[in-house]
Structures are given as structure tokens and as C-alpha cells.
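A quick write-up on the structure given underneath.
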Amino acid sequence: MTSMGNALVSVRNLRKYFPVGGVLFTKAWVKAVDGVSFDIYEGETLGLVGESGCGKTTTGKLILRLLEPTDGEVYFEGKNVFKLRGKELREFRRKANIVFQDPYTSLDPRMTVFDIVMEPLRVHGIRVEDPEQFVVKLLYEVGLNETHLYRYPHEFSGGQRQRIAIARVLALRPKFIVLDEPTSNLDVSVQAQILNMLKELQKRYGLTYLFISHNLGVVRYMSDRIAVMYLGKIVEMGPADEVFENPLHPYTRMLLASIPVPDPKISRSRRRTKITGEPPSPINPPPGCRFHPRCPHAKNVCEKEEPPLIEYSKNHFVACWLYAKR
Ligand code: SF4
């Protein structure tokens, strides 16, 4: 899509429809992800942002093949993830992983930290010479230490639990990690510590991240590029600073306007764009531009035709009739 380096992950026309009320006799589908395409380059963080229910978590799970798609492809290191079998699939599962939002439910309460961090190695049949030393080293990487080795998850704070979850993912030396709202359940000060740690780990190990969040401020802090999702579609995508300082899509402006940050540029966009309406249901998305019922700039064409995602300026893409040449 661009000439920004090697794509580690390429997503093409990805769709995921969930049947409403079961597969049999279904008449309606939740179009959670509805034709998204993007690349994630080696060593970068792509931020995926949007309101809850916009399809960002489903997108993350599809990329990791934790869900099967309705249509479309995901390529990891050039191979179609949905066609991987046997050894290749196991290798993919080692290289690509996820840190979930809730550190309270993602750790087994009956397992010690040692067992939690060692478990992925057992699953993958990987032996290490000195397991205890191996786990201690990982604990230091995430700001914990040997005194935590044989404790149970309930003995830790939310931030510490998320550190354990990150150590468990690092145990397999992954290349790519989906971070699904990894700090949104944590206090603001703890959030900052974890985000900084994730950035340091990325540098140290050359990790590539897909960072999913509803919080555009946090996404900006973490990301090299940002993709904005609305009702299953990407409506804007570009370098993080560019999207922040020169937001094109009326929905991106609305998201920016809702961030409580004392930034004069943001205040200006806040004056321009009022937050209006609730997101419509992905079961029956509106025709044309899905944002039109909430958009202060909607024109006739917006209700009828879907705007294509076009490159408005270098590496800055937008799907909105205000910018498309017709
Ligand atoms: Fe608003 Fe129309 Fe642009 Fe959609 S296409 S965001 S309705 S101006």
C-alpha cells in the first residue's frame, strides 16, 4: 500500500459477519468487520482506534486467527494465515500473540507465576535449560523479580498482573503482538508505566504491535500510524502526528474533540465538531457512508454511496465524500 518498509502483516478485504440469533434461520448479520485492508510494517506500532463495537477487537482476533473470517485474507511474513496447517500454524502461533484487556480473567488463578509464564513453552514443546532462571529473567524484563515466582495472581495488583501476562507472551520470543486495550482497566499512573515498558520492550526485541484502544490520546502516544475504525470500516489512516494534527474525517475530529487534553489545536476542532448521536447498530448499518446519521457535513450522496478509502496526501488515507473526486 505504501513504501514504508516491509509489511509483516497484510490485511486484505477482511470481513467477519456474525449471525444474529444463531446460524440456522438467521436473517440478520452483525457486520463486525466489513472489508478492511491495511499493512503493519516491521518494528512499527499501528494504532487501531474507534468506539466500542466498531470491530477493532474482532479485527485483532482475525489477524491472529482466533476467529475464522467470512471473507478476505491476512498475510503474515507473506503467508496466508487462514491457510496455515500443522507445523506452519504452530510457528505462527509462536510468533504472533495477544495481550488482553483484562488481567483479572486472562491469568489462571490456580497457577503460580512460574507456571503461567512456562505454560506457552510447554504447549509448544520448547525446552529451556534452567526454567527458573528463564522465568526470573523474563520477570525482570517486565519490572517484577524472583520474589514473585511462586505467588498466585490474586496476590498482585492489576498492573502487576498485566506485567505477568506480558512476560507470558514474551516467553515465546514473538515478533508480533496484538495489544487489545492493555491498560484501559488500570489507573492512569500505572497505565503510563505499562505503556512505557511496552515501548522499551518493542525497541529491545524489535517487536511489531497492533495497539487497539478506544482512547485516541493513548493511541497517539503509542503509535507510529493510526487507523480509525467506524462500524466495521476503516475511515481514516495515516501517520499518528498527521492524523492528530490534520484530522480529515468528521468522525476522527469527533473522537479528537472528546479527548480531555489542553491542546489548542484540539480545542479548535472541538469547536468545529460537536459530539452527536450514538453509533448506529452494526446489524443494519446505514446505507452509503455509515457515519452519515451523525455527520454534520452529510450531503445527499453520503446517504446513497459509500465513499472509497483514498490517499488524500502522502500515506494519509480517508473515506469521505468531502475529499473524494467524483
Ligand atoms: Fe460525513 Fe459524507 Fe464524509 Fe460520511 S462521506 S463523513 S456523511 S461528509
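The values are calculated or read from the model by the stated rules, or taken from the named source; none is laboratory data. All figures in this text were calculated on a predicted structure; none of them were measured in a lab. All Cβ positions, even for glycine, are placed from backbone atoms using ideal geometry, and neighbour counts span all protein chains on display.
Observations
- Selection count where residues are closer than 22 Å to VAL243 by Cβ, more than 6 Å from the ligand (Cβ to nearest atom) and surrounded by fewer than 16 Cβ atoms within 10 Å (Cβ to Cβ), scope segment 287-305: 1
- Looking only at residues of segment 221-237 that are assigned to a loop (DSSP other than H, G, I, E, B) and not acidic (Asp, Glu), we find that the one that is modelled with the highest pLDDT is SER223.
- Candidates PRO262, PRO247: the one that is within 16 Å of the ligand (Cβ to nearest atom) and either surrounded by fewer than 17 Cβ atoms within 10 Å (Cβ to Cβ) or at pLDDT 95 or above (or both) is PRO247.
- Residue check, PRO120 in a helix (DSSP H, G or I) and in contact (Cβ under 8 Å) with a residue 12 or more places away in the chain: yes
- Among the residues making up segment 123-171, a single one is of a type in the set (Gly, Ala, Ser) and without any contact (Cβ under 8 Å) to a residue 12 or more places away in the chain: GLY125.
- Within segment 267-283, the residues that satisfy the criterion of being within 27 Å of VAL20 (Cβ to Cβ) and either part of a helix (DSSP H, G or I) or modelled with pLDDT of 80 or more (or both) are PRO282, ILE283.
- Counting only strands (runs of 3 or more DSSP E) that sit completely within segment 3-109, those holding 2 or more residues that are of a type in the set (Gly, Ala, Ser) and at pLDDT 90 or above correspond to 7-19, 29-41.
- Complete set of residues in segment 307-326 that are touching a residue at least 40 places away in the same chain (Cβ under 8 Å), part of a loop (DSSP other than H, G, I, E, B), near the ligand (Cβ under 10 Å from one of its atoms) and not hydroxyl-bearing (Ser, Thr, Tyr): ALA319, CYS320, LEU322
- Filtered by the rule that a residue be in a loop (DSSP other than H, G, I, E, B) and over 16 Å from the mean Cα position of the chain (by Cα), segment 199-215 gives a lone residue, GLY206.
- Residue within segment 135-147 that is at pLDDT 95 or above, farther than 29 Å from ASN215 by Cα, touching a Phe, Trp or Tyr at 6+ places or on another chain (Cβ under 6 Å) and not hydrophobic (A, V, I, L, M, F, W, C) present: no
- Residue satisfying condition, being β-branched (Val, Ile, Thr), within 22 Å of VAL113 (Cβ to Cβ), more than 16 Å from the ligand (Cβ to nearest atom) and assigned to a helix (DSSP H, G or I), within set VAL169, VAL218: VAL169
- Number of positions in segment 174-198 that are assigned to a loop (DSSP other than H, G, I, E, B) and at pLDDT 95 or above: 2
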